[in-house]
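Down below is the structure, laid out as structure tokens.
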């Protein structure tokens, strides 16, 4: 259950980065809604991370949380914000994913 909470926390980390990107593209009231989404996503991400780290090793949990956020943010950047999807960028994202899976395997 704690691993599921950690994955969801990582997805919310991607969510708050997405909200920041969208807020940068807008202005006025619309930007404020994106900033509100940022605060909500950040808060949920932190609460879930805190809950998950009550049972999981902090080093592993934090690495997985940031890794999920990093991979998710890069994918959102590619698919939503039209950032480049070059070979080496995708290669290193793949190695990050492999590292996260490895941490899960060696951490019970």
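Rounded to the nearest 10 degrees, the angle from helix 87-106 to the longest Cα principal axis of the chain is 40 degrees. For the pair residue 31 and residue 82, label points projected 7 Å from Cα toward Cβ lie 2.1 nm apart.
What number, rounded to the nearest 500 deg cm²/dmol, is the helix-based mean residue ellipticity at 222 nm of the chain, given -39500 (n - 2.57) per DSSP H run of at least four residues and division by all its residues?
-29500 deg cm²/dmol
Computed over the range 1-104, relative contact order equals 35 percent, with contacts defined as Cα pairs under 8 Å that lie 6+ residues apart.
Each reported figure results from applying straightforward, stated rules to the coordinates on display, with no laboratory input. Source: prediction; values computed, not measured. Cβ atoms come from the backbone with ideal geometry, glycine included; neighbour counts cover every protein chain shown.
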